[in-house]
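Notes follow once the structure below has been shown.
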Amino acid sequence: MPKTTPPSSELRSRSQNAAPREAPLLRLDDYLPYHLTVTANVVSNLIGGAYRARFGLSVWQWRVLCTLGAEGAMTAQNVVSITAMDKMTVSRAIRGLRQRGLVSRQRSSTDARAYLLALTAHGTAAYAEIAPLALALQETVLGELSEEQRALLMTALRTVRAKALSMNSND
């Protein structure tokens, strides 16, 4: 006997009567990317108020300034790699920092297509003034955590970032 397909009304009836499959519930309060993003934004905005008020710097400009201040001269591509900011955002931040005399650029001696970025004397002074303020605000934010909890938090964040980066590079 040939197999026949039931009429579509019968199929609809069967699917309506079937026990619904429970999809896993994605609750933002239990979702890591949500907590990472929201926490990063809240803390960045808090600390960002300090350098915005004193120097008129955006979050992105501060990240570039801080990277150059902490790591020394480097190319824009190095800044992109270290900060995980996109190329266009880094480019705009660098342009703004150069216009304000905080960052200089010089053609790389090893790659004619690249420029080395470095803090100017004014940029170094800005970094030296803002860094302690940013660290003090960080201390306040982390104030409820013990030294052990702080170390665990930083280790966990570095581990999660490394795993995500390794998964990204496997694509």
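The values are calculated or read from the model by the stated rules, or taken from the named source; none is laboratory data. Nothing here was measured: the structure is a model prediction, and the numbers come from that model. Don't worry about glycine lacking a Cβ; one is built from the backbone with ideal geometry, like all the others, and counts go over all protein chains shown.
Going by the structure shown, is T140 under 22 Å from A53 (Cβ atoms), among the hydroxyl-bearing types (S, T, Y) and exposed (fewer than 15 other Cβ atoms within 10 Å of the Cβ)? The answer is yes for T140.
I'd like to know if segment 157-167 contains one or more residues that are surrounded by 10 or more Cβ atoms within 10 Å (Cβ to Cβ) and closer than 18 Å to F55 by Cβ. No, segment 157-167 contains no residue that is surrounded by 10 or more Cβ atoms within 10 Å (Cβ to Cβ) and closer than 18 Å to F55 by Cβ.
Every residue, every condition in (1) surrounded by 11 or more Cβ atoms within 10 Å (Cβ to Cβ); (2) in contact with a strand residue (DSSP E or B) (Cβ under 9 Å, 6 or more places away or on another chain), yes or no:
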site: A53; (1), (2): no, no
site: L57; (1), (2): yes, no
site: W62; (1), (2): yes, no
site: C66; (1), (2): yes, no
site: M74; (1), (2): yes, yes
site: L133; (1), (2): yes, no
site: L152; (1), (2): yes, no
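Could you give every pair whose Cβ atoms fall below 9 Å, whose first residue belongs to segment 150-171 and is more than 17 Å from A84 (Cβ to Cβ), and whose second residue is at pLDDT 95 or above, counting only separations of at least 6 or pairs across chains? Pairs found: R150/L142; L152/L145; L153/L142; L153/L145.
Listed by first and then second residue, the pairs with beta-carbon distance under 9 Å, at least 6 apart or on different chains, first residue in segment 113-125 and hydroxyl-bearing (S, T, Y), second part of a strand (DSSP E or B) and surrounded by fewer than 15 Cβ atoms within 10 Å (Cβ to Cβ), are Y115/Q106; Y115/R107. One residue stands out in segment 1-54 among those that are among the aromatic types (F, W, Y) and either assigned to a helix (DSSP H, G or I) or under 30 Å from Y127 (Cα atoms) (or both): the one that is modelled with the highest pLDDT, namely Y34.
Of all the numbered requirements in (1) touching a strand residue (DSSP E or B) at 6+ places or on another chain (Cβ under 9 Å); (2) surrounded by 11 or more Cβ atoms within 10 Å (Cβ to Cβ); (3) not hydrophobic (A, V, I, L, M, F, W, C), S109 misses one, and that requirement is (2).
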